[in-house]
Amino acid sequence: MLVAEIEVARRTFPVLADLRVDPGQRLAVHGPSGAGKTTVLEAIAGVVPLRRGLVRLGPRVLSRTAPPRLQVPIPERRVGLLRQAAMLFPHLTVAENLGYSRRGPGGRPAGPDPGWLALLVERLGLQGLLEVRPAGLSGGQSQRVALARVLASDHQALLLDEPLTGQDPALRLELRLVLAELIARRPVPALLVTHDLDEAQAFGDRLAVMDRGRVLQLGPPAEVVRRPASRRVAELVGYSALIATDRCRFPGSGAPAPGWVAVHPDKVVMGAVPAAGPSLQGRVVSVHPSGALWSVWSQLESGERIRLRLPLPVAAGEPVTVTLVDPPLFDATGQLVPVPRWSEPDRARR
Amino acid sequence: MDRTLGAPGALDPLWVSLGASGLALGVIVLGGTPLGWLLARDRLPAGRLIEVGLLGPLLMPPLVIGLLLVFMVGPNTPIGQLLGHLGLSATNTFLAVVIAEVYEAAPYYVLGVQAAVAAVDRDLEVEAELLGDHPFRRWRRVTLPLAAPGLASALAITWARAIGAFGAVIIVAYHPFGLPLQIWTSLQETGLGSALPFALLLVVVALPLPVLAYLWSARARRRD
């Protein structure tokens with residue numbers, strides 16, 4: 001198991017994290033730029049020092065600030081870190097980069113394990129590039145080579161920082177699957193950092209949401225999005241607006257205590273559907289296509305504007321009623337109300 | 001030219017210059033490479049002070065460097081006396097030529113290495129460590145190859161500077177004559193005609209290394 005109980009000093013704010021990842025488990029860390037996600041990975045890899053804390057990988061302590069203080073040098077930690085910049089060695093070919101970390105007896109470079117390397121090359125689309133130097137690669141190709149290089153190495157933990165940055169959108173979707181498949185063959189703890197929530201959810205068995213150096217919530221990806229622990233987590237996992245409860249029409253026994261309902265653009269249906277959640281009334285302000293859906297800005301009766309993504313277009317100026325499907329509810333202090341009154345009890349009643 | 005270079009002992013200055021400069025270059029490379037690397041990576045507690053110390057010989061006229069050397073390693077200084085106990089002398093000896101050349105040429109090499117290593121992305125070195133390389137192996141596999149064109153240029157300049165050293169050498173080691181001193185004395189005593197063959201000889205032995213280093217370095221840069 002990888003254990004990271006860390007505090008790292010930074011100029012703006014300290015980064016704190018308490019993470020545990022079992023071998024074969026995948027933890028995705030999601031958050032905005034500057035939240036401290038990369039710092040967590042670098043602290044585990046030993047690239048940045050801890051102010052306080054402990055990093056342990058299985059029985060091996062890698063960093064410890066309590067006496068007796070310990071900091072295992074980077075090469076001995078056997079932690080693979082894929083950084084945002086590809087960091088390929090410019091004087092080596094792609095094949096030489098891929099085989100860089102393979103060691104034979106006595107620590108001599110042994111060249112890559114041919115079977116595993118061939119699989120990586122094939123699955124990551126690197127055929128035909130093996131004799132090319134990094135200067136001849138596109139940004140996306142460089143990133144894929146760097147990903148293959150870290151996967152080709154014999155690490156006991158895998159840390160991936162925005163591994164799919166720079167890929168074409170379509171390829172990025174495919175690479176998510178490839179990455180999951182390749183990592184599944186390596187039963188080591190794996191952490192992936194991304195500011196792309198979809199990517200985080202696709203990769204992780206668990207999802208940690210970070211902001212300003214703190215892990216705000218950690219749990220199963222679907223659950224974190226369905227029930228964000230606070231208003232800030234809700235914002236970070238895609239909820240685009242918070243509407244006061246007294247401005248919503250609640251099903252069943254009426255409005256809950258004063259608080260806030262979070263609106264997720266994708267978790268809405270047209271019309272009032274009391275069994276699904278509270279509804280809102282407003283007027284369509286603007287409509288434009290958004291992928292296969294329609295992005296609709298609607299102004300509520302209370303004057304607030306919310307963005308929705310609907311499967312069918314609506315005309316600008318039309319009145320509209322939408323139901324927020326199973327939205328999280330926050331009390332006046334911004335904390336999640338554990339069981340919203342309109343969901344489980346109503347469904348149980350049905 | 002035949003008469004000048006064909007005279008008995010006429011090529012002695014050539015052997016002195018090649019021997020002293022080769023030895024000086026060896027000393028400079030052995031000591032200057034780690035020093036330049038440490039300076040580039042800010043690993044020395046008084047790094048800035050050392051840089052200033054290296055700039056001194058670059059900025060001062062070589063004659064002044066020679067005078068400073070007399071005060072540092074002359075027979076009446078602690079270092080001179082220590083050398084004396086070992087049966088050595090840093091005045092008017094082959095050793096003195098080597099010391100003067102080292103002192104005059106070393107800053108070019110150290111500052112050249114510093115610039116070449118500083119140009120190597122530190123993150124690439126960290127990457128090598130993340131992939132399992134300990135410091136020496138990291139140096140050999142990443143830092144050295146990437147800094148090599150810059151190191152080659154530094155080596156070429158240092159060689160040219162050492163073999164052509166005159167100002168400091170004439171102060172601390174008037175004898176034995178190397179080529180620069182031979183050119184000077186020939187010019188003074190018998191005129192341009194007898195100095196020119198030695199000048200040509202100096203060019204012939206001094207140029208190949210810088211030219212080769214330049215060509216190799218240009219090729220390496222084009223390849224990257």
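Structure notes:
Okay, residues lined up against (1) touching a Cys at 6+ places or on another chain (Cβ under 8 Å); (2) farther than 18 Å from A:Arg206 by Cα; (3) in contact (Cβ under 8 Å) with a residue 12 or more places away in the chain:
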position: A:Arg10; (1), (2), (3): no, yes, yes
position: A:Gly24; (1), (2), (3): no, no, yes
position: A:Ala28; (1), (2), (3): no, no, yes
position: A:Gly34; (1), (2), (3): no, yes, yes
position: A:Val40; (1), (2), (3): no, no, yes
position: A:Pro49; (1), (2), (3): no, yes, yes
position: A:Val55; (1), (2), (3): no, yes, yes
position: A:Arg60; (1), (2), (3): no, yes, yes
position: A:Pro67; (1), (2), (3): no, yes, no
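- Test: residue in the stretch B:164-173 that is free of Cβ contacts under 8 Å to residues at least 60 places away in the same chain and closer than 30 Å to B:Gly9 by Cβ: yes
- Residue count, the stretch B:28-46 (criterion: surrounded by fewer than 16 Cβ atoms within 10 Å (Cβ to Cβ) and on the phi < 0 side of the Ramachandran plot): 7
- Candidates B:Gly80, B:Gly56, filtered to the one that is modelled with pLDDT under 85 and either out of contact with any helix residue (DSSP H, G or I) (no Cβ under 9 Å at 6 or more places or on another chain) or more than 30 Å from A:Phe89 (Cβ to Cβ) (or both): B:Gly56
- B:Val117 being more than 14 Å from chain A (Cβ to nearest Cβ), on the phi < 0 side of the Ramachandran plot, in contact with a Lys or Arg (Cβ under 9 Å, 6 or more places away or on another chain) and touching a residue at least 24 places away in the same chain (Cβ under 8 Å): yes
- Candidates B:Leu209, B:Leu155: the one that is surrounded by fewer than 20 Cβ atoms within 10 Å (Cβ to Cβ), under 19 Å from the mean Cα position of the chain (by Cα) and either part of a helix (DSSP H, G or I) or away from every other protein chain (no Cβ under 14 Å) (or both) is B:Leu209.
- Options A:Arg83, A:Arg102: the member that is within 14 Å of another protein chain (Cβ to nearest Cβ), under 19 Å from A:Gln156 (Cβ atoms), surrounded by 14 or more Cβ atoms within 10 Å (Cβ to Cβ) and at pLDDT below 90: A:Arg102
- Taken together, A:Ala272, A:Ala276, A:Ala222, A:Ala244 contain a single residue that is at pLDDT below 85, over 20 Å from A:Leu82 (Cα atoms) and surrounded by fewer than 18 Cβ atoms within 10 Å (Cβ to Cβ), which is A:Ala272.
- B:Thr33 satisfies every condition listed in (1) among the hydroxyl-bearing types (Ser, Thr, Tyr); (2) over 30 Å from B:Arg140 (Cβ atoms); (3) within 16 Å of the chain's Cα centre (by Cα) except (2).
- Consider the stretch A:131-189 and keep the residues that are among the small types (Gly, Ala, Ser) and within 14 Å of chain B (Cβ to nearest Cβ). The one that is nearest to B:Gly132 (Cα to Cα) is A:Ser153.
- In the stretch A:152-173, the residues that are in a helix (DSSP H, G or I) and over 14 Å from A:Phe203 (Cβ atoms): A:Ala152, A:Pro169, A:Ala170, A:Leu171
- Of the strands (runs of 3 or more DSSP E) that lie entirely inside the stretch A:191-279, those containing 2 or more residues that are over 28 Å from A:Phe13 (Cα atoms) span A:241-244, A:259-263, A:268-270.
- Any chance A:Glu42 is within 12 Å of chain B (Cβ to nearest Cβ) and either under 21 Å from A:Leu158 (Cβ atoms) or surrounded by 21 or more Cβ atoms within 10 Å (Cβ to Cβ) (or both): yes
The values are calculated or read from the model by the stated rules, or taken from the named source; none is laboratory data. Note that the structure is a prediction, hence the values are computed from the model and not measured. Heads up, the Cβs are rebuilt from the backbone with ideal geometry, glycines too, and the neighbour counts pull from every protein chain shown.
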